[in-house]
Amino acid sequence: MNKVKFFDYLQQYKIIENEITSAVSRVLNSGQLILGKEVSAFEEEFGAFLEGEGSCVGVANGTDALVIALTALDIARNHEVITVANTAVPTVSAIRQAGATPVFCDIDPRTCLIDLNQIENHITSSTRAIIAVHLYGNVVDIPKLKRIIGDRSIAIIEDCAQAHGAKLRGVAAGTMGDISAFSFYPTKNLGAYGDAGLCYSRDPNLVTEMKRIRMYGFNENNCSLREGINSRLDELQAAILRVKLKHLPAHIENRRILAELYSSYLPEDAVQVPADTDVNHANHLFVIKIKNRDRVKAELSNRAIDTAIHYPTPIHRMEAYRFLNYDEGDLPETNLAASSVLSLPLYPELSQESVLTVCNELSNVLA
Ligand SMILES: *Cc1c(COP(=O)(O)O)cnc(C)c1O
């Protein structure tokens, strides 16, 4: 029996190998490995992909993109940043790296996104930002979030690590908040062959600050105007990302077709985590909710189907974040999701046949 892998970059690499090797060779023969033509070209091209009016700043990874976004907004010690505990650890680790305190808001049980109706309860005089995580490729309603914030000076950072290509009412995820942070970790919708990330903003001053922060806070004369870090995107990854960006719309379309196939063939007891009708889901992950999740996951694995859980332990219950003083039972909807969500294999090269196999085996396991 052929194993259905959860993620497999090699299938795609074999298809684009020639384009990749020529891009890599172009960089190696260029004499410039750091912050050169490839990075600026990728920044331009990714900005065009987003169809927004802002600019991009290539950085080393998605976590740094969030840290740099927070730092550019002058968010530091004694400040609070509202986000969710149902996210990848980097969302929260970035808030800590910036020196601020994460404050967790529970999620909407239907979409598993931040529950905008509860935001108000978490806003204090120390709140400086909200990191809205566009989880799974779905989109948080940023215009609605803006209305909730009103005229308070609270910035919106979009965590777009899972949302390349997602749209809300025709507007790209990443172009609605003050700053957005993208990750190009290999498994993401747009994945590098290593680590890479990017910040985006419509505010030219924030863009300038972020460009400084990614390289020691330097001005043109290599003097630090502010304290920065080293978080550069390198030329090799930028050249690889330029190749893969050309294929991204087609890859997202494949994801959409496969996700639709899943939706039509899922057994009744497996409930898809939905998006609202005004969202173009980027289908980064195909997530269902089921009873006896751990047993189902193990039995699928026995049937050669790999699945994953995003996320099994909410961050407020992790050892490292105990000092934030949450109780296990806080954030009840987050806890409930953590015990029932299961992510099924989904990537552009996955065959339709494999999707049907997964649905069949899932029916058998649930029967
Ligand atoms: C992957 C991911 C990140 C971090 O990206 P890295 O490039 O791995 O640092 C941040 N937030 C979310 C929601 C992610 O899925």
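The numbers here are math on the coordinates, done by the rules we state, and not lab data. Treat the numbers as computed from the prediction; the structure is a model and nothing was measured. Cβ sites come from the backbone with ideal geometry, for glycine too, and all protein chains shown count toward neighbours.
Structural remarks
- Rg ratio (alpha-carbon, reference 2.2 N^0.38 Å) - segment 95-201: 1.07
- If the convex hull is drawn through the Cα atoms of segment 255-299, its volume per residue in Å³: 90
- Segment 232-367 gives an Rg/Rh value of 1.04, both radii derived from C-alpha positions and Rh following Kirkwood.
- Contact order normalised by residue count of segment 105-205, Cα under 8 Å, 6+ apart, percent: 19
- Over all other residues within a Cβ to Cβ distance under 13 Å of SER301, the charged ones net out to +2, with Lys and Arg as +1 and Asp and Glu as -1.
- Using alpha carbons only: equivalent-ellipsoid semi-axes of segment 69-158, gyration tensor based, whole Å: 19, 15, 11
- Here segment 1-72 is treated as a Stokes sphere of Kirkwood radius computed over C-alpha pairs; at 25 °C and 0.890 mPa s its diffusion coefficient rounds to 160 µm²/s.
- Ratio of Rg to Rh for segment 121-265: 1.02 [Cα atoms; Kirkwood radius as inverse mean 1/r over pairs].
- Compactness relative to 2.2 N^0.38 Å, alpha carbon Rg of segment 304-367: 1.52
- Residue with peak Gaussian network fluctuation, the chain [Cα springs, cutoff 10 Å], from GLU333, GLU353, GLU299: GLU353
- Segment 1-150 has equivalent-ellipsoid semi-axes of 35, 22, 15 Å, by the square roots of 5 times the alpha carbon gyration tensor eigenvalues, sorted largest first.
- When the alpha carbon coordinates of the chain are projected onto the principal axes, the ranges are 67, 53, 38 Å, largest first.
- Residue exposure sequence - LEU344, LEU248, LEU10 - by fewest surrounding Cβ within 10 Å: LEU10, LEU248, LEU344
- Note on the chain: antiparallel DSSP beta bridges, both residues inside, total approximately 60 percent of the bridges counted.
- Shape analysis of segment 236-310 yields a ratio of the Cα radius of gyration to the Kirkwood radius, Rg/Rh, of 1.06.
- Normalising the average separation of contacting C-alpha pairs (under 8 angstrom, six or more residues apart) by the number of residues puts the relative contact order of segment 264-367 at 39 percent.
- Count Lys and Arg as plus one, Asp and Glu as minus one, and take only other residues whose Cβ is under 11 Å from that of VAL273; the net charge is then +1.
- Separation between Cα centres of segment 17-34 and segment 144-171, rounded to whole Å: 36
- Value of D in µm² per second that Stokes-Einstein yields for segment 155-195, Kirkwood Rh from Cα pairs, at 37 °C (0.692 mPa s): 309
- Mean projection area, nm², convex hull over Cα of segment 48-106: 4.9
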